[in-house]
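**Q** Structure incoming, see below.
Each reported figure results from applying straightforward, stated rules to the coordinates on display, with no laboratory input. Note that this is a predicted model, so its numbers are computed, not measured. Cβ placement follows ideal geometry from the backbone for every residue including glycine, while neighbour counts extend to all protein chains displayed.
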Amino acid sequence: MLKISVSGVRGIANESLTPEVCLNFAKAFSTYLKGGKIVVATDTRASSEFIKGIVLQGLFSCGAKIIDLGIAPTPTVGFMVRELKADGGLMVTASHNPAQWNGLKFIREDGIFLNAAQMGELISLYDKKEFIEKKGGQVKHHAKPYDAHINRVVRSVKASLIRQMKFKVVYDAVNGAGSLITGMLLKKLGCQVIPLHADPKQPFPHGAEPTPINLVDLCEKVKQEKAVIGFAQDPDADRLALVIDGGEAVSEEYTLALAVQHVLARSLSSNRIVVINLSTSKITEDVAKAAGAVVVRTKIGEVHVAEEIKKVKAVIGGEGNGGVIYPKMNIMRDSLAGMALILEMLAVSQKNPSELIAALPKYYLYKGKLDCSGAGQMEKIMESAIEIFKDETVDLTDGIKVYLPNGSLHVRPSNTEPIVRIFSEAKSAEKARQTAEELIVRLNP
Ligand code: MG
């Protein structure tokens, strides 16, 4: 099935994501940008190069001046759009989806993804095939696609302090778009770099999402090499997960929590605002508030976070899925930005990642479920949940998310089974379970 959403277009290459879909979306995007300057790159999937060829043809036929970065992370495309004063960017990737998938991500001139209204305009051009084909198309290959991005990241941290530490670092790029640029960045920061799964010519060696279950090799390598930290990316290198000293893969939530804690500690800016999405753990919220910052929560979807960061001039923001957005470096989730900030934090604090994580606030997640196989039962349960929480701060983007003083509750219908899932986050495992079970009793009298 072809998925068209605020995150772009995704499908299985050559099945739902046909060459015609790619060609027409490229023509629609070039028409939308009036054939301006467009930065293009791909991740390392087997189908990416083929799809890029089609995309270049579509953009070219509508008069675009294309700058081809070759294989590059999504955040590098976002950065280069601004750096080169381009009108937009197009990234060929299906992010963390499995290898047979691919997709297109659309970036506007300020280095942020198209928002829902802008995607609506693009989809309308695509649906009606209202393409303005014209002459004047050009394709230029960028000889040094990574340098400007790396330099910006390095210049935005205390690089000499990091270099003095000569950190031993392993990184697992899942053989994706981060494979080469990540090694280059870490070397520039004086690290002893041990690449793992950093060959863009090889397929993904494990599940594409940088969640602990997929990081067994990285844990082993960090332990074996006695490295101070392991970094893991997804195939388009916007998300960053950590393996700490000793070789333990920790929740992706800690990446943003540490980055936020560090940036607020060193920031002299009086504008202490942190923007995170609704599903980000309270760990980050607590860390930000403890540092005197105001926390703004947005709807789920990176563009909502990035637009809010820009609007309120937040010092940092992002998503709990390992998505650090540090506007001094980039206004997109950027694993390279995340790595540099965390290395700087290690250098400044003179602490190991395990010590930094042990000092973070603790939250526990309990998962419960409610059977609703009877006719209309799911709707009834969701209606009573809305009634129960009518006086609380709730978000209805995806089921019902309720913010409580010391945790949160998320009630959402399963997409695959006749059940409603209850996620309860609290300060203790017992409290998380108790809150969820009390709610289950109220929802299922
Ligand atoms: Mg991604």
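**Q** At q = 0.10 Å⁻¹, what is the log10 ratio I(q)/I(0) for the range 136-241, with the Debye formula run over Cα points and no solvent?
**A** -0.31
**Q** Here is a further query. Which value in deg cm²/dmol, rounded to the nearest 500, describes the helix-derived mean residue ellipticity at 222 nm for the chain, given -39,500 (n - 2.57) per DSSP H run of n ≥ 4 and division by the residue count?
**A** Rounded to the nearest 500, it is -11500 deg cm²/dmol.
**Q** Another question about this same structure. Only counting other Cβ atoms within 10 Å, I'd like T42, T31, T76 sorted with the fewest neighbours first.
**A** T31, T42, T76
**Q** Let me ask something else about it. Tell me the Rg and the Dmax, in Å, that the Cα atoms of the range 132-196 produce.
**A** 16.5, 55
**Q** To make sure I understand, if each residue's beta carbon is the centre and we count other beta carbons within 10 Å, what order do T435, T284, T93, T397 fall in, fewest to most?
**A** T397, T435, T284, T93
**Q** A further question follows. Using the number of other C-beta atoms within 10 angstrom as an exposure proxy, rank R442, R10 with the fewest first.
**A** Ascending Cβ contact count within 10 Å gives the list R442, R10.
**Q** Nothing charged except the Cβ atoms of Lys and Arg (+1) and of Asp and Glu (-1): what's the magnitude of the dipole of the chain about its Cα centre? Round to the nearest 20 debye.
**A** Here the size comes out at about 1500 debye.
**Q** Of K3/K367; K282/K367; K201/K226; K223/K351, which ones are farther than 26 Å apart at the Cα?
**A** Result: K3/K367; K201/K226 exceed 26 Å.
**Q** Can you give the log10 of the normalised intensity I(q)/I(0) at q = 0.14 Å⁻¹, computed with Debye over equal Cα scatterers of the chain?
**A** Log10 I(q)/I(0), no solvent term: -1.33.
**Q** Lysines within cross-link reach of K144: Cα-Cα under 17 Å, excluding same-chain residues under 8 positions apart?
**A** Those lysines meeting the cut-off are K85, K187, K188.
**Q** Kirkwood Rh over alpha-carbon pairs of the range 5-159, then Stokes-Einstein at 4 °C and 1.567 mPa s: what D in µm² s⁻¹, rounded to an integer?
**A** Reported coefficient: 85 µm²/s.
**Q** While we're on this one: State whether the range 180-258 is rounded, prolate or oblate according to the following rule on the C-alpha gyration tensor (a ≥ b ≥ c being the square roots of its eigenvalues): a/c under 1.5 gives rounded; otherwise a/b larger than b/c gives prolate, and the remaining case gives oblate.
**A** Note, shape of the range 180-258 comes out rounded.
**Q** Here's a follow-up. Can you give the percent of C-alpha pairs in the range 87-161 whose distance is more than 19 Å?
**A** Considering the range 87-161, 62 percent of its Cα-Cα pairs are separated by more than 19 Å.
**Q** Count the DSSP beta bridges whose two residues both fall in the chain, then state the antiparallel fraction as a percent rounded to the nearest 5.
**A** 60
**Q** With just the Cα atoms of the range 274-344, tell me how far they stretch along each of the three principal axes, in Å, largest first.
**A** Principal axes ranked by extent give 25, 24, 21 Å for the Cα atoms.
**Q** Additional query: Mind listing which trypsin sites (Lys or Arg not before Pro) in the range 213-290 are in a DSSP loop and have 11 or fewer other Cβ atoms within 10 Å?
**A** Loop-located and lightly packed - K226.
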